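What follows is calculated from the coordinates using simple rules that are stated; it is not laboratory data. Please read these numbers as outputs of a predicted model, since none were measured by experiment. Positions of Cβ are backbone-derived with ideal geometry, glycine not excepted, and every protein chain shown enters the neighbour counts.
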Amino acid sequence: MASRVIRTSRRRRKSGVGRFLKHSPWAGEHDKVFTLVLAGLLIFGLAALSSASSAKAYQEFGSTFAIVWRQILNGILPGLLLFYIFSRVDYHRWQKYRWWLLGASIFFLVIVFIPGISVTYGRARSWVGFPGFNLQPGEFFKLSFILFLAAWLADRDPRANQDLWLGLLPFIVFLGIPALLIAAQPDPGTMAIVALTALAIFYIAGARLKHLAWLAVSGVGALTFLVFQAPYRLARITAFLQPEIDQQGVSYHINQALLAIGSGGLFGRGFGQSRQKFAYLPEVSSDSIFAIIGEEMGFIMAGLVVVALGILIWRILIVVRQAPDNFGKLVATGVAAWIFFQSLFNIGAMLGLLPITGVPLPFISQGGSAMVGLLAACGLIINISRQSLPDKKFIN
């Protein structure tokens, strides 16, 4: 009798532990395809960066690998640390800190205006300076704002998100404040990515299509106003529409990018054999790295980069479908939209399909802050995938 009680007690304890493990964020299976593609992009990105940045790194630092080492130390290593943390800490914990996340989002945008630490690059005041390195807080803002929007929308009655006064107007306020701060930097590329990502989250949360259409029309109107307010922005649009005009002036960047990609042909000039990286093509290690990939490795490898990014986004969309709750679904939606629109703006600009907006190519371009933010977001995706619904297994 006693032994039967002991065995029953053991079964109950085991059952309790099983229930705990079933719902713990580190107990489930994560998406292995997502992880492998991400690892492949990081490794390929370092290889591409080592070639694209070699001439620039030698000129500025006296070593052809200086920029690659900075990318590893300031981007990949801290990014992988945050990737691990965000993949292990239950993502539901972020939901109760929604207002802190909103405060952090605003802080990341305001800090760049503080005299003494603000750093201006070109016309954009988007960085803060520290001894030995600069940070771009706007890259951290993207993740904190996605978490805030997802938490705010997930905790509401879905019918409220369809209401004009309870849904649309508060959404406009929450999106409008960051948009104005980003416009003041100014950084139109980041502003467009943030706005489109927010619209994607709002749509999945149940917003009415007519409200989204109204927001889209208003956004286009606001961007048009900003373009005509600054002559250099209007010049960029002119260069996009008529790249043959002023080829040594406003159209220089896009023409050199098209020349680089076109000269690569199907298989490229060969790794390390780029000509455009020798001070001909602007921003070879950041905004224009896709053009260098096309020049050195050809259309096939450039196409494989697009395919790899597409697979990554596809796997995140599977997480959206399998997410155990609305919060996880909305967070994954935001991350997918972020990677998609940032990739679209960068690659589209290098192919002459979109105006140049100065956004980096995810996981490949030089930029420590962008790498850290994206890897932290990917850690969240792993976390959500481990808690996917038990009757919806990943296909690996």
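Data for the structure
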{"quantity": "Residues listed by number, the stretch 189-211, amide nitrogen under 17 Å from V220 label point at 7 Å toward C-beta", "calculated": "192-193, 195-197, 199-200, 209-211"}
{"quantity": "Within the stretch 92-251: Cβ-based charge dipole about Cα centre, in debye rounded to nearest 20 (Lys, Arg +1; Asp, Glu -1)", "calculated": "340"}
{"quantity": "F363, F148, F340, F278 arranged by Cβ crowding within 10 Å, fewest neighbours leading", "calculated": "F278, F340, F148, F363"}
{"quantity": "Exposure proxy order (Cβ contacts within 10 Å, fewest to most) of M301, M191", "calculated": "M301, M191"}
{"quantity": "Extension gain from L169 to A184, taking 0.36 nm per residue of separation minus the Cα-Cα distance", "calculated": "3.2 nm"}
{"quantity": "Electrostatic dipole magnitude of the stretch 29-386 [Cβ: Lys, Arg +1; Asp, Glu -1; Cα centre; debye, to 20]", "calculated": "440"}
{"quantity": "log₁₀ of I(q)/I(0) at q = 0.09, 0.12 Å⁻¹ - the stretch 169-295, Debye sum with one point per alpha carbon", "calculated": "-0.39, -0.65"}
{"quantity": "Potential lengthening between L266 and A47 on full extension [0.36 nm per residue; Cα-Cα distance subtracted]", "calculated": "76.9 nm"}
{"quantity": "Phi-based couplings in Hz for the stretch 146-157 (Karplus 6.51, -1.76, 1.60; Gly and Pro marked x)", "calculated": "4, 4, 5, 4, 4, 5, 5, 6, 6, 7, 9, 5"}
{"quantity": "Net charge of Cβ neighbours under 15 Å - reference I347; Lys, Arg +1; Asp, Glu -1", "calculated": "-3"}
{"quantity": "Candidate aspartates and glutamates for bridging to K210, where Cα separation is under 15 Å - those fewer than 8 sequence places away on the same chain excluded", "calculated": "D163"}
{"quantity": "Using alpha-carbon coordinates, inclination of helix 188-204 to the longest axis of the chain, degrees", "calculated": "30"}
{"quantity": "Average Cα contact separation per residue, the stretch 109-212, under 8 Å, 6 or more apart, as relative contact order %", "calculated": "26"}
{"quantity": "Contact order normalised by residue count of the chain, Cα under 8 Å, 6+ apart, percent", "calculated": "27"}
{"quantity": "Phi-based couplings in Hz for the stretch 94-105 (Karplus 6.51, -1.76, 1.60; Gly and Pro marked x)", "calculated": "5, 5, 7, 9, 4, 6, 5, 5, 5, x, 5, 4"}
{"quantity": "Label-point separation, Y84 to Q242 (7 Å along Cα→Cβ), nm", "calculated": "5.6"}
{"quantity": "log10 of Debye I(q)/I(0), alpha-carbon scatterers only, for the chain at 0.10, 0.14 Å⁻¹", "calculated": "-0.69, -1.30"}
{"quantity": "Mean residue ellipticity (222 nm) of the chain, computed from DSSP H runs ≥ 4 via -39,500 (n - 2.57), nearest 500", "calculated": "-21500 deg cm²/dmol"}
{"quantity": "Ranked E60, E283, E296, E244, criterion: other C-beta atoms within 10 Å, fewest first", "calculated": "E244, E60, E283, E296"}
{"quantity": "Positive-end extreme of charge dipole, the chain - chosen from V319, I261, V128 (charges on Cβ)", "calculated": "V319"}
{"quantity": "Residue-by-residue Karplus 3J(HN,Hα) for the stretch 369-378, coefficients 6.51, -1.76, 1.60, Hz, glycine and proline x", "calculated": "5, 4, 5, 4, x, 5, 5, 4, 5, 5"}
{"quantity": "Net charge, V217 excluded, C-beta distance under 15 Å - Lys, Arg +1, Asp, Glu -1", "calculated": "+2"}
